[in-house]
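Asks: Mind having a look at this structure? Questions to follow.
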Amino acid sequence: MERPTTPGARLWFLNTLATVRVGHDEGQDGISVIERLAPHADSPPMHVQHGEDEAFYILEGELRIRAAEAEFRIGPGEAALAPRGVPHTYRVESPDGARWLNVTTHGDFVRFMGAVSRPAQRPGLPAPQGPPNPEQTEAFAATAREHGIEFVGPPLAS
C-alpha cells in the first residue's frame, strides 16, 4: 500500500525519517524534494535508479557517498549528484546522524519510499528495526524494481 507523498507527509522509511517538502506531482517536471534524517552508520544497499537523477544537499552532519568508483564525503552546505544509471549509496558518518535534502526528478524514488514506509507517529527517528529476514529483503527489492530502482551491492561498511 502506497503512503501519501504529498507535501508535509512524514514517513518512517526503514530507520530514517523522510519529510516530503515538494511532491513529484506538484509541477510538470516531476521534481521532488525530501528532507531526510538518519542515524549514524545508516547506509542503504548500493543501488541504481534507472529513471531519475538523485541529488543530495547536506543540512547537518556528514555523508560518505560512493557513486560508481568515486567515494567522497560531503558536509553542511555541500551537494552531490548521483546521475541516473550510476550505482551509488551513502553512509552517515557523523556520530549524531545527518539531515539532508534528496532531490529527484521523476517521482520513482518518492513513490518507492511511499510504498515501503509507514506514517511517522511523531517527529524524529523511529525505533531501530533489526535486519530484515530473507523474505522481507526480497519483497523490498521487488518493490524497488517496480519503481525503477535496482539493488546491485551491499551498503557501505565503516
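Asks: Only one residue in HIS88, HIS24 is within 19 Å of GLY148 (Cβ to Cβ), touching a Gly at 6+ places or on another chain (Cβ under 8 Å) and of a type outside the set (S, T, N, Q), so which one is that?
Replies: HIS24
Asks: OK, next. Quick check: is even one residue across the stretch 40-52 small (Gly, Ala, Ser), closer than 18 Å to ALA80 by Cβ and part of a strand (DSSP E or B)?
Replies: Checking the stretch 40-52: not a single residue is small (Gly, Ala, Ser), closer than 18 Å to ALA80 by Cβ and part of a strand (DSSP E or B).
Asks: Conditions first: (1) over 23 Å from PRO39 (Cβ atoms); (2) in a strand (DSSP E or B); (3) under 12 Å from the mean Cα position of the chain (by Cα). ARG99 passes all but one, so which condition is the exception?
Replies: (1)
Asks: Can you name every residue in the stretch 1-39 that is assigned to a loop (DSSP other than H, G, I, E, B), among the polar types (S, T, N, Q) and either touching a residue at least 24 places away in the same chain (Cβ under 8 Å) or in contact with a helix residue (DSSP H, G or I) (Cβ under 6 Å, 6 or more places away or on another chain) (or both)?
Replies: Answer for the stretch 1-39, where residues must be assigned to a loop (DSSP other than H, G, I, E, B), among the polar types (S, T, N, Q) and either touching a residue at least 24 places away in the same chain (Cβ under 8 Å) or in contact with a helix residue (DSSP H, G or I) (Cβ under 6 Å, 6 or more places away or on another chain) (or both): THR5, ASN15.
Asks: Check GLU35, GLU60, GLU52 and return the single one that is over 11 Å from the mean Cα position of the chain (by Cα) and either of a type in the set (Ser, Thr, Tyr) or surrounded by fewer than 19 Cβ atoms within 10 Å (Cβ to Cβ) (or both).
Replies: Numbers: GLU35 fails: over 11 Å from the mean Cα position of the chain (by Cα); GLU52 fails: either of a type in the set (Ser, Thr, Tyr) or surrounded by fewer than 19 Cβ atoms within 10 Å (Cβ to Cβ) (or both).
The unique qualifying residue is GLU60.
Asks: Select from the stretch 81-106 the residues that are in contact (Cβ under 8 Å) with a residue 40 or more places away in the chain, crowded, with 21+ Cβ neighbours inside 10 Å and among the small types (Gly, Ala, Ser) and list them in ascending order.
Replies: If the condition is that a residue be in contact (Cβ under 8 Å) with a residue 40 or more places away in the chain, crowded, with 21+ Cβ neighbours inside 10 Å and among the small types (Gly, Ala, Ser), then ALA98 is the only one that fits.
Asks: Within the stretch 15-22, is there a residue that is in contact with an Asp or Glu (Cβ under 9 Å, 6 or more places away or on another chain), β-branched (Val, Ile, Thr) and surrounded by fewer than 19 Cβ atoms within 10 Å (Cβ to Cβ)?
Replies: yes
Asks: May I pose another question? Does ASP42 count as over 17 Å from LEU125 (Cβ atoms), under 12 Å from the mean Cα position of the chain (by Cα) and touching a residue at least 12 places away in the same chain (Cβ under 8 Å)?
Replies: Against the criterion (over 17 Å from LEU125 (Cβ atoms), under 12 Å from the mean Cα position of the chain (by Cα) and touching a residue at least 12 places away in the same chain (Cβ under 8 Å)), ASP42 does not qualify.
Asks: Another question, then. For LEU81, indicate whether it is hydrophobic (A, V, I, L, M, F, W, C), at pLDDT 95 or above and over 14 Å from the mean Cα position of the chain (by Cα).
Replies: no
Asks: Would you check which residues across the stretch 63-84 are out of contact with any strand residue (DSSP E or B) (no Cβ under 6 Å at 6 or more places or on another chain) and either outside any strand (DSSP E or B) or of a type in the set (Gly, Ala, Ser) (or both) and list them?
Replies: ALA68, GLU69, ALA70, GLY77, PRO83
Asks: Within the bounds of the stretch 115-130, is there any residue that is out of contact with any His (no Cβ under 9 Å at 6 or more places or on another chain), outside any loop (DSSP other than H, G, I, E, B) and charged (D, E, K, R)?
Replies: Yes.
Asks: Anything in the stretch 107-140 that is surrounded by 15 or more Cβ atoms within 10 Å (Cβ to Cβ), over 14 Å from LEU37 (Cβ atoms) and touching a Phe, Trp or Tyr at 6+ places or on another chain (Cβ under 8 Å)? List them, or say none.
Replies: VAL116, the sole residue that qualifies.
The values are calculated or read from the model by the stated rules, or taken from the named source; none is laboratory data. The shown structure was predicted, so the numbers you read here are calculated from the model rather than taken from an experiment. Using ideal geometry, Cβ is built from the backbone for each residue, glycine included, and neighbour counts are taken over all protein chains shown.
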